[in-house]
2 protein chains.
Amino acid sequence: MIAQRDQLNAVGGHADERSVAGTDQRSIPEATVARLAIYLRALVGMGKVGVATVSSGSLATAAGVNSAKLRKDLSYLGSYGIRGVGYDVSLLTDQIHKTLGLHQNRAVALIGLGHLGRALAGYAGFASRGFRISAIVDADPAIVGTRVRGLPVQHVDDLDAIVRTENIAIAVLTVPAGVAQEVCDRLVVAGVTSILNFAPTVLAVPAHVDVRKVDLAAELQILSFHDNRKSARADCEPARSGSSTMAVGP
Amino acid sequence: MIAQRDQLNAVGGHADERSVAGTDQRSIPEATVARLAIYLRALVGMGKVGVATVSSGSLATAAGVNSAKLRKDLSYLGSYGIRGVGYDVSLLTDQIHKTLGLHQNRAVALIGLGHLGRALAGYAGFASRGFRISAIVDADPAIVGTRVRGLPVQHVDDLDAIVRTENIAIAVLTVPAGVAQEVCDRLVVAGVTSILNFAPTVLAVPAHVDVRKVDLAAELQILSFHDNRKSARADCEPARSGSSTMAVGP
DNA sequence: GCGATTTTGTGAATACCTTCACAAGGGCGT
DNA sequence: ACGCCCTTGTGAAGGTATTCACAAAATCGC
């Protein structure tokens, strides 16, 4: 009864992945990486309620995927399950944590303090998931120098120095679309290698930089497409056997 | 020099798509739909600056995809290009607009007025892209009754009536994770068929409802993974021919 | 101990997406 | 009119991701 699919989202360069030799985890598929974060959240939740072991079936349900997919995903990390029993919650949690590189408590810069930027600054999920906002940056002289959540708002002109001294690798970009590329370029020059872009623009970056985009308007438009399709279908099909209460205008 | 990839993100039920007979657009791949929104934005931008026709190559660059992919994507809509010339910007804009179902100016409900909810309420991209916030809902009695952007904040207990009278099909969910499923259930009962979920939870919904998820923590973790991989590689590889100035802590 | 039962890990099959590469079509200069 | 050049549209090939289905491993009851 419960339909579920999953997330996959990517930008950036990952050319010659396989055969990295040194590190153990070789070439985990992109789609799997995206789901590991979901599994991790489910596992942490279970750990908190005292669940010690979990089967692929129940973890899959919690994560909204099917169990074969989950097992295949986990198999890329190694063999951490016990046949006939399931997975040890804390062991698996640690493994995913490590695989995602969350042991490092990464420094994140928040660029752009509009409404969205402020909302993100207050987002508790940052700290609780291994990320630490180390710098907040804006271009508006009226707010540069004020403090947000204990951090001073710094000027975008000082980006280079900020990124270097705080050793920031990840930036969250919530600036207006018109200046996003320019700010992005500065970030890249300063040494940032991962960008989470909320501005509705396609960013051009060199191959060694990863960009992930969160695009509200696009998401809505995708929903709109499916909605449109659904209503079109409802019009021509006989009755639609489902039971859901529909709101049909007069 | 410019690496780019694209977005794909999905949840929800799309079982028996092909052979819908009535509607013309038969079975556009999910990945294509997700990109149409990007193309649309690029096209609108070009239209505003007075560009009349565009080749697949330049539109592809603007959208950050390769041109073969773009042409294949557009071919699902029909044959709107002219060989040797390119695409008429306004014609193509209209076609994508129509395909995405944006001609309808859909009513959207915003559920949850925390920091993020407020930020989204103020987001101009809504209106300019064919969406209209028709209702704002929260559970906190202290803010129910106040006005945000001209709209009264209504109580979540009245969801059912609100959705029906405003004929809302799309809801944006920015409530705390703990209550997301409950609110989601109410929305579904009321007749909402598309949900954009910002709460860090997997929502269980019946098959006829689409859910798309925006998950900040997951995005950061995915970036973290790649970043981790990058530094691991930098450690064992000889020199890395690139020129970017790296900030390496002492 | 041993068979019944459970659940993992994974080859093989399938479905989906991307990229390649080129023929077909259309304008433009002469 | 004609040939040249440009760009689309699309089969075919190559990847990537998902699902199936089953053997291998581990526990439990007896």
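Coordinate-derived values only; no laboratory data. Since we're looking at a predicted model, the values are computed, not measured. Because the Cβ atoms are built from the backbone with ideal geometry, glycine has one as well, and the counts that use them run over all protein chains shown.
Brief remarks on what is shown
- Charge tally in the Cβ shell below 12 Å around B:S128, where Lys, Arg are +1 and Asp, Glu are -1, B:S128 excluded: +4
- Under 30 Å from the Cα of B:K98 - lysines, other chains or at least 8 residues apart: A:K213, A:K230, B:K48, B:K69, B:K72, B:K213
- Derived scalar couplings ³J(HN,Hα) [the stretch B:42-47; Karplus, 6.51 cos²θ - 1.76 cosθ + 1.60; whole Hz; x for Gly, Pro]: 4, 5, 4, x, 5, x
- Summarising the amide proton neighbourhood of B:V172: residues at separation of 5 or more, or on other chains, whose placed amide H is nearer than 5 Å comprise B:A109, B:L110, B:I111, B:L196.
- Global form of the stretch A:105-216, assessed from the alpha-carbon gyration tensor, a/c cut-off 1.5: rounded
- Residues of the stretch A:155-187 falling in the label zone of B:A234, defined by backbone nitrogen less than 12 Å from a point 7 Å along Cα to beta-carbon, are A:164, A:167-170.
- Counting Cβ atoms of other protein chains within 10 Å of each Cβ in B:121-134 and taking the mean gives 3.
- Ascending list, in nanometres, of distances separating the A:G47 label from those of the other copies (7 Å, Cα toward Cβ): 5.0
- Shortest-first distances to equivalent copies, position A:T146, nm, label 7 Å out along Cβ: 1.6
- Peptide A:170-181 is shielded by partner chain Cβ atoms: per residue, an average of 1 of them sit within 10 Å of its Cβ.
- The protection proxy used here, the mean number of other Cβ atoms lying within 10 Å of each residue, ranks peptides A:102-111, B:89-98, A:70-79 as follows, highest first: A:102-111, B:89-98, A:70-79.
- Highest mean packing first, where packing is the average number of other Cβ atoms within 10 Å per residue, the peptides B:57-69, A:143-155 line up as B:57-69, A:143-155.
- Two-site label geometry, A:D140 and B:Q104: point separation in nm, points 7 Å out along Cα→Cβ: 3.6
- Rounded to the nearest Hz, the phi-derived 3J(HN,Hα) couplings of the stretch B:48-60 under the Karplus curve 6.51 cos²θ - 1.76 cosθ + 1.60 (θ = phi - 60°) are 5, 8, x, 6, 9, 10, 9, 8, 4, x, 6, 5, 4, where x marks glycine and proline.
- Inter-chain Cβ neighbour count for A:206-214, averaged per residue, equals 6 (cutoff 10 Å, partner chain atoms only).
- Extension gain, A:R149 to A:K69: 0.36 nm times the residue separation minus the Cα-Cα distance gives 24.8 nm.
- Sorted from shortest to longest, the distances between the A:P176 label points of this copy and the other copies are 3.6 nm, with each point 7 Å from Cα along the line through the beta carbon.
- Based on C-alpha pairs under 8 angstrom that are at least 6 apart in sequence, the stretch A:64-137 has a relative contact order of 27 percent.
- Mean Cα-pair separation over length for the stretch A:96-174, i.e. relative contact order, pairs under 8 Å, 6 or more apart, %: 38
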